[in-house]
1. Within the stretch 198-217, is even one residue modelled with pLDDT of 95 or more and among the small types (Gly, Ala, Ser)?
2. Looking only at the stretch 129-146, which residues are part of a loop (DSSP other than H, G, I, E, B), surrounded by fewer than 18 Cβ atoms within 10 Å (Cβ to Cβ) and within 27 Å of the chain's Cα centre (by Cα)?
3. Looking at the structure I just gave you, is residue 154 open to solvent by less than 60 Å² (accessible area, probe 1.4 Å) and aliphatic (A, V, I, L, M)?
4. Could you list all residues from the stretch 50-100 that are open to solvent by less than 30 Å² (accessible area, probe 1.4 Å), hydrophobic (A, V, I, L, M, F, W, C) and either on the phi > 0 side of the Ramachandran plot or assigned to a strand (DSSP E or B) (or both)?
5. Which is surrounded by 19 or more Cβ atoms within 10 Å (Cβ to Cβ) and of a type in the set (Phe, Trp, Tyr), of 126, 103?
6. Taking residue 251 as the residue in question, decide whether it is open to solvent by 50 Å² or more (accessible area, probe 1.4 Å), closer than 28 Å to residue 45 by Cβ, assigned to a loop (DSSP other than H, G, I, E, B) and of a type in the set (A, V, I, L, M).
7. So which residues in the stretch 103-139 are farther than 19 Å from residue 86 by Cα and of a type in the set (D, E, K, R), if there are any at all?
8. Which of (1) open to solvent by less than 40 Å² (accessible area, probe 1.4 Å); (2) without any contact (Cβ under 8 Å) to a residue 12 or more places away in the chain does residue 184 not meet, given it meets every other one?
Amino acid sequence: MLSRGAFVFRGQRAIQLLSHRGSKGKAGTFYEPKEWLWERPAEPPTSDEATGWTQESRRTGLYAQKLGMTQDWDHWGVRTGITALHVPFCHVIQVKLEEQHGYNALQVGTGHKHPNQTTKPLREHYAKAGLLPKAVLGEFKVSRDALLPVGTELFASHFVPGQYVDVRARTIGKGFAGPMKRWGFKGGPASHGTSKAHRTHGSTGACQDPGRVFKGKKMAGRMGHKFRTTKNLQVFKVDNKLNIIFVAGAVPGAKGTFVRIFDAKNKKLPMIPPYPTYVPTEDEPEEVYAGMYIRRPYQEGMDKITEDDDPTWNLSVDEIRALFMEKRRKQLAALLEAGDISPEEYMGRLDPPAEDLFYGELLKRNADRMELTYRDLARKPVYLSDVATRS
């Protein structure tokens, strides 16, 4: 039995989710706080015999450059803030083996850097790999069977739309900041009895005992410019043509910052990923969306809708469109059999006019329910289910 329970914030608004009742009838005993479940999701795969991948396998990550934030509409017509991460010429620079270094890892470099701005030891290090100096260099620990040859290029499709990733980068530096901005302190009284202490933090310690200020005391100081990791960001889509990864949510750092992106450690992969990495093909689509891997969010009043009130209440935009087009096709076929329209008129009125009518009717009936716009419905993305293979 389902009941209304837990809350989660999406952007600046709270979305109420459904939670399963426990055995004692208390709401909120079992629930998934980040997605609304019409039905229990499919169990993630455990292994892949073809590539040897398992959920315990550890793939390499890569470095990408943050381009900024934009917005897009998911499979359910919900607008989502996404961050664009460009992967500019990411290559494997060095392979570290457990026999020599004590662990298995791949050293990865991204971007370009002028040789005059690189030290001589690094120039020789890149020359051994047959590559030009990179803007950023780092390593990722991997499983033994996930090692890659030196010079292998890593693409944006190394990550599959719908999976979760962790992104680590240096935050934006704010300079020297006071306690109110840095820690959110309330500050002193704003009027009576305050002399030049409106935004100070007040007392910082005791007297002779302990006779010092404890380490970690929240005081004024430099704010930002520290490495931080944002966990469990979902890959919204991947642009194979421009080599860009779009993740839902915000990523640390300013525009132009190189970020470290890798498979989420606290989430299982919902699909079999390219293992050990993605190999491009000639017939790959330009963009791949997460599609049905993005769960439909709960919206107010949906629990009161039944199939008698609206047969399309639990369908996506594409499914509603297919039903409408089938209904329109039957109507035109009846007119054709009655002789009211000619075959040429039947073919002319079948597709474009029907699509326009579908947009108008869907917007009129479902605007409040799904918050759709013409831009939402005009999109014709390639979903992950349409792609035969990713490796």
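1. No, the stretch 198-217 contains no residue that is modelled with pLDDT of 95 or more and among the small types (Gly, Ala, Ser).
2. 135, 143
3. Values: open to solvent by less than 60 Å² (accessible area, probe 1.4 Å): yes; aliphatic (A, V, I, L, M): yes.
So residue 154 passes the test.
4. Of everything in the stretch 50-100, those that are open to solvent by less than 30 Å² (accessible area, probe 1.4 Å), hydrophobic (A, V, I, L, M, F, W, C) and either on the phi > 0 side of the Ramachandran plot or assigned to a strand (DSSP E or B) (or both) turn out to be 53, 62, 64, 73, 82, 84, 85, 90, 92, 93.
5. Answer to the check: 126.
6. no
7. Across the stretch 103-139, the qualifying residues are 120, 123, 124, 128.
8. (1)
The values are calculated or read from the model by the stated rules, or taken from the named source; none is laboratory data. What you see is a predicted model; the values in this text were computed from it and never measured. A quick note on method: Cβ atoms are made from the backbone with ideal geometry, for glycine too, and the neighbour counts reach across all protein chains shown. Heads up: the accessible areas ignore ligands, DNA and RNA and are worked out on the full protein's heavy atoms, side chains in. Shrake-Rupley method; radii C 1.70, N 1.55, O 1.52, S 1.80 Å.
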